[in-house]
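Beneath this line is the structure, given in structure tokens, with notes to follow.
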Amino acid sequence: QVQLVESGGGLVQAGGSLRLSCAASGNILEINAMGWYRQGPGKQRELVAAITSGGRTNYADSVKGRFTISRNNAKNTVFLQMNSLRPEDTAVYYCRGWNSRYVYWGLGTQVTVSS
């Protein structure tokens, strides 16, 4: 089993920045890739950014150039640096960890961007 705990969400004005963290514990060897998803009001959950154990990254078009995903394998933590935030970035942000067989989710952290 793997537990994922997000932190770092909050309220920020448009144009501001936030840094989300996701700490993994448990049988972390089960995790290959990690990523951030988000679900805005009335919207489906969507991929924001992902990173493999080797450091390869993938981003949603809507956040390219503004968000950066990174991971510290020694500390079993993945980060999402969010700059130039927009009101449309408002959502609950979820950490996800997975391999070819299992998927793990955190409980989410709220990010609210005011205009």
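What to note about this one:
- On the stretch given as the range 80-89, residues that are surrounded by fewer than 17 Cβ atoms within 10 Å (Cβ to Cβ) and under 14 Å from Ser21 (Cβ atoms) total 1.
- Within the range 18-35, if we keep just the residues that are of a type outside the set (A, V, I, L, M) and either under 17 Å from Gln81 (Cβ atoms) or free of Cβ contacts under 8 Å to residues at least 40 places away in the same chain (or both), the residue that is most open to solvent (accessible area, probe 1.4 Å) turns out to be Arg19.
- Here Val103, Val113, Val92 are screened, and the one residue that is open to solvent by 30 Å² or more (accessible area, probe 1.4 Å) and over 11 Å from Met34 (Cα atoms) is Val92.
- Being under 20 Å from Ser115 (Cβ atoms) and either polar (S, T, N, Q) or touching a His at 6+ places or on another chain (Cβ under 8 Å) (or both) holds for only one residue in Ser70, Ser62, Ser53, and it is Ser62.
- The set of residues in the range 38-63 being within 13 Å of Trp98 (Cα to Cα) and buried (at least 18 other Cβ atoms within 10 Å of the Cβ) consists of Ala50, Ile51.
- For Gly15, the conditions (1) at pLDDT 95 or above; (2) closer than 13 Å to Val111 by Cβ; (3) part of a loop (DSSP other than H, G, I, E, B); (4) open to solvent by 20 Å² or more (accessible area, probe 1.4 Å) are fulfilled apart from (2).
- Listing of strands (runs of 3 or more DSSP E) fully contained in the range 73-115 that carry 2 or more residues being within 12 Å of the chain's Cα centre (by Cα): 77-82, 91-98, 109-114
- Where Arg66 falls short, out of the listed (1) modelled with pLDDT of 95 or more; (2) exposed (fewer than 14 other Cβ atoms within 10 Å of the Cβ); (3) among the basic types (Lys, Arg): (2)
- Residues that are assigned to a helix (DSSP H, G or I), more than 11 Å from the chain's Cα centre (by Cα) and without any contact (Cβ under 8 Å) to a residue 60 or more places away in the chain do not occur anywhere in the range 36-45.
The values are calculated or read from the model by the stated rules, or taken from the named source; none is laboratory data. As the structure is a computational prediction, the values presented were derived from the model and not from experiment. Heads up, the Cβs are rebuilt from the backbone with ideal geometry, glycines too, and the neighbour counts pull from every protein chain shown. Only protein heavy atoms, including side chains, enter the accessible area calculation; ligands, DNA and RNA are left aside. Shrake-Rupley method; radii C 1.70, N 1.55, O 1.52, S 1.80 Å.
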